[in-house]
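One structure is given here, and the rest of the page talks about it.
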Amino acid sequence: MNHSEAAEVFTEDVDRTTWHDKTLWFVREKRDKAVFQIPEWEALREAGSRIKHNALSNLDEYLLEFEQNAIKNGVKIHWAADGHEHNEIVLQILKETGATQMVKSKSMLTEECHLNDFLMEKGVDVVDTDLGERVVQLAGEPPSHIVMPCIHKKKEEIGELFHEHLGTEKGASDPKYLAEAARQHLREKFLTRRAALTGVNFAIAETGGFVVCTNEGNADMGAHLADVHIASMGIEKIIPKAHHLGVFLRLLARSATGQPITTYSSHFHRPRQGQTMHIIIVDNGRTTQLGRPDFRNSLKCIRCGACMNTCPVYRRSGGHSYHNAVAGPIGSILAPNLDMRKNADLPFASTLCGSCSNVCPVKIDIHDQLYKWRQVLVAEGYVDSTKKQGMKLMASVLSSPKLFRFSGKAGRTMMRLLPYSVSNPLNPWFKQREMPEPPKESFREWYVNRETKK
C-alpha cells in the first residue's frame, strides 16, 4: 500500500485525523514559543549545521578517533555494514552473555533494522521501555513518530491495550493511572533483565563517550541495572568535541517538544565495574547517502521530529502511511536511499511548502531534497507511467502561454456546462472535497480588462 492509499485509510476516521493534526500543531506551537525566547536561535542552528557538516566531511577520521577512545575506556566496538549484520551482532552478544531477555530504550536505528522481530524469531524476549514504544509494541504496530511513537492512539485505546496485557481496570483511560500501571509493569522488567540496549543521540569522537536523551529515564534504568549494555548508533551520530554538545542539547529538545532540555541527558563513557559495554556502529546505506551530493545533508538529522510536527501532509495522513521506520519529510528523503522502488512514492507525499526546512534545527534543505528526489526517481524509472506522462503533459501546458490560456478557458467552460466531467469519483481531487465554482474569467483576463478600461 503506497502513501496515498494508506493516507486515505487514515483520513476515513475524521475525528482521529482532526485531533492528530491539532495535537501535532500544538507541539509545533510549543516549539515556536521555546525558540523565540532565545535571541541566538538562528546562530545555534547555523553552528549545529556547520558542526555536522564538518563531522560528515571528516567522518572516517572522527569514527576512528571515537573507536580508539572508546576502546581505551573499556568499551567493545563492533562495526555493522547493514541492518542484518547489526542484528546478528546483538544476537551474538546476547548468546555470549546467556541472556534470553532484554530491555530496550528508544532507538530508531533498531526500528530501521527490524531488530525486535529478528530477536523474537530467535527466541529472545525484547521489551521496549519507552512508554510510547511499549504501547505500540503491545499493539503490534511500528512507531508512527520518532519522538511520540503512539501519537496516533487515543487514551481510550491505550486503556484497552493495558487492560488486555497489563490487567488494568476495563474502561480506565486516565493518563496518570495508565502511566502508573506502565511504571509498575516495566519496573519488574528492569530488575530482571540482564541485558539492555539503548540508542545513541550523540557520540563524541574526542572522548569516546556517548549521550542518550530521554524524558522518562528508562535508558538509565535499563543500562545501570543490566550486566550488559549494548548501544546502537548510526555513523552519522558522531560529533567532534564534547563542548559541541552544548549546541545540540539546546537545539534538540526545543525543536522536538518545546522543552528547554530533555529531562535526562545521560552520558556514558565506560562500563561500571562488573558490566560489559558494547557499541555497534552501523552504516546501513549511510555512506551511499553521503556520496550523493544533493542528499548528504540529510545525514545531519538529529531526530527531533520538528519537520513532522509542522508538515501539513504528515499531520493529516499519519506516520504509518509512510511505511518506513522514519516517517514524515525527513523519512521521505532517507527512505529512497535504502530502497528506491519500495519508497518511490514518499518524496511525492509533500506540498513542497518549505515549512520543514524552516523548522529544522540543523538547517537541512528538506523540501529541496524532496524535489530533487522526485527528479532522480523519474529519471531512474521508478515513477508510475501514468504520473510520468501526466507531468510531461502538464509541463507542455505550462511552458506554452497560448496552450495554458486555452486549457484554462476550456476547463472553466467544462466545469460550468458539464460539472460532472470533473465532479465524479474518477477525479482524485473530488473524493474528499467539493470542486470550486468556476470563475467567469481568469486572473489574466481580469487584469487585461481592468487595464483596458483605464
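The values are calculated or read from the model by the stated rules, or taken from the named source; none is laboratory data. Everything quoted here is computed from the prediction, not taken from an experiment. Here the Cβ is made from the backbone with ideal geometry for all residues, glycine too, and neighbour counts use every protein chain on show.
Listed conditions (1) at pLDDT below 95; (2) out of contact with any strand residue (DSSP E or B) (no Cβ under 9 Å at 6 or more places or on another chain); (3) among the acidic types (Asp, Glu) are all met by residue 216, apart from (2).
In this entry, residue 370 passes the filter for residues that are modelled with pLDDT of 95 or more and closer than 21 Å to residue 323 by Cβ.
Quick test of your reading of the structure: residue 92 fulfils all but one of (1) under 30 Å from residue 275 (Cβ atoms); (2) in contact (Cβ under 8 Å) with a residue 12 or more places away in the chain; (3) not basic (Lys, Arg). Name the failing condition by number. Every listed condition holds for residue 92 apart from (2). Yes or no: segment 333-349 includes at least one residue that is out of contact with any strand residue (DSSP E or B) (no Cβ under 7 Å at 6 or more places or on another chain), within 30 Å of residue 109 (Cα to Cα), basic (Lys, Arg) and exposed (fewer than 14 other Cβ atoms within 10 Å of the Cβ). Checked against the condition, which is being out of contact with any strand residue (DSSP E or B) (no Cβ under 7 Å at 6 or more places or on another chain), within 30 Å of residue 109 (Cα to Cα), basic (Lys, Arg) and exposed (fewer than 14 other Cβ atoms within 10 Å of the Cβ), segment 333-349 yields at least one hit. Criterion applied to 232, 265 was being part of a strand (DSSP E or B), surrounded by fewer than 21 Cβ atoms within 10 Å (Cβ to Cβ) and not basic (Lys, Arg), and the one residue passing it is 265. Please indicate, with yes or no, whether at least one residue in segment 70-83 is touching a Cys at 6+ places or on another chain (Cβ under 8 Å), of a type outside the set (A, V, I, L, M, F, W, C), in the same structural domain as residue 120 (by TED's automatic domain parsing) and in a helix (DSSP H, G or I). Scanning segment 70-83 turns up at least one residue that is touching a Cys at 6+ places or on another chain (Cβ under 8 Å), of a type outside the set (A, V, I, L, M, F, W, C), in the same structural domain as residue 120 (by TED's automatic domain parsing) and in a helix (DSSP H, G or I). Tell me which residues, restricted to segment 303-359, are in contact with a Gly (Cβ under 8 Å, 6 or more places away or on another chain), at positive phi and not in a helix (DSSP H, G or I). Listed by number, the list holds a single entry, 305. Filtered by the rule that a residue be of a type in the set (Asp, Glu) and in a loop (DSSP other than H, G, I, E, B), segment 360-373 gives a lone residue, 365. Residues in segment 167-195 that are surrounded by 15 or more Cβ atoms within 10 Å (Cβ to Cβ), in contact (Cβ under 8 Å) with a residue 24 or more places away in the chain and under 30 Å from residue 22 (Cα atoms): 182 alone.
Each row is one residue, and each column tells you yes or no for (1) modelled with pLDDT of 95 or more; (2) surrounded by fewer than 22 Cβ atoms within 10 Å (Cβ to Cβ); (3) of a type in the set (D, E, K, R).
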| site | (1), (2), (3) |
| --- | --- |
| 95 | yes, yes, yes |
| 104 | yes, no, yes |
| 110 | yes, no, no |
| 113 | yes, no, no |
| 116 | yes, yes, no |
| 121 | yes, yes, yes |
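Every residue in segment 1-20 that is closer than 16 Å to residue 350 by Cβ and among the acidic types (Asp, Glu), please. None - no residue of segment 1-20 is closer than 16 Å to residue 350 by Cβ and among the acidic types (Asp, Glu), so the list stays empty. Scanning segment 6-18 for residues being exposed (fewer than 12 other Cβ atoms within 10 Å of the Cβ), part of a helix (DSSP H, G or I) and not aliphatic (A, V, I, L, M) gives a total of 1.
Note on segment 399-418: among residues that are of a type in the set (A, V, I, L, M, F, W, C) and in contact with a helix residue (DSSP H, G or I) (Cβ under 6 Å, 6 or more places away or on another chain), the one that is nearest to residue 7 (Cα to Cα) is 414. For segment 391-434, name all the residues that are touching a Ser or Thr at 6+ places or on another chain (Cβ under 8 Å) and polar (S, T, N, Q). Across segment 391-434, the qualifying residue is only 432. For segment 208-226, state whether one or more residues are within 30 Å of residue 36 (Cβ to Cβ), of a type in the set (Phe, Trp, Tyr) and surrounded by 22 or more Cβ atoms within 10 Å (Cβ to Cβ). No, segment 208-226 contains no residue that is within 30 Å of residue 36 (Cβ to Cβ), of a type in the set (Phe, Trp, Tyr) and surrounded by 22 or more Cβ atoms within 10 Å (Cβ to Cβ). Going through (1) touching a His at 6+ places or on another chain (Cβ under 8 Å); (2) surrounded by 24 or more Cβ atoms within 10 Å (Cβ to Cβ); (3) farther than 23 Å from residue 250 by Cβ one by one, residue 329 falls short only on (3). Restricting attention to segment 419-440, the residues that are under 44 Å from the mean Cα position of the chain (by Cα) and either in a loop (DSSP other than H, G, I, E, B) or over 30 Å from residue 5 (Cα atoms) (or both) add up to 15. The residue that is nearest to residue 256 (Cα to Cα), counting only those in segment 211-226 that are touching a Leu at 6+ places or on another chain (Cβ under 7 Å) and of a type in the set (A, V, I, L, M, F, W, C), is 213. No other residue among 28, 45, 50 is within 30 Å of residue 258 (Cα to Cα) and free of Cβ contacts under 8 Å to residues at least 40 places away in the same chain apart from 50. Scanning segment 275-297 turns up one or more residues that are among the aliphatic types (A, V, I, L, M) and touching a Lys or Arg at 6+ places or on another chain (Cβ under 6 Å).
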